[in-house]
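The structure appears below as C-alpha cells.
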Amino acid sequence: MTPPAAGPVDPGAAGSLGSPSGRGALAWAHRFCPTTGLKVHSQADWLIKANAVAAILALAVGGVAALLVLLTRWQVVHLLDAV
C-alpha cells in the first residue's frame, strides 16, 4: 500500500496545523499574481506596492543627483563657482 501523495497544506483545512479549529483562526485574504500564479497575502500586497513606490522615488532622486553632479563639472554651465 502506497501513502497518499503529499500536496500543499491549506492553513484553513480541517485538521491542518494552521488552525486548531479546522475552519481557520484568521481570514486568509489573498489574491493570485497574474504573472507568477502564486498566492499573495493582502498585507504583503500593500507592502510590495509601497516598496515599488519607494524604489521609483529612490531612482528619481539618484538620477537628479547625478544630473546635478554632471552640471557642476560642466564648464559651460558653472552651476557652482570654484571656491
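Run the simple label-point estimate for Val83 and Leu71 please: 7 Å along Cα→C-beta, distance reported in nm.
The two pseudo-label positions are separated by 1.9 nm.
Quick check on packing: order 71-83, 49-61 by the mean number of other C-beta atoms within 10 Å, highest mean leading. Don't skip to the answer; put the middle values down first.
Working: 71-83: 8.2, 49-61: 9.9.
Listed from highest to lowest mean packing, they are 49-61, 71-83.
Only the coordinates and a few stated rules stand behind these numbers; no lab work does. Values in this document were obtained by computation on a predicted structure and should not be read as measured data. Quick reminder, even Gly has a Cβ in these numbers, built from the backbone with ideal geometry, and neighbours come from all protein chains shown.
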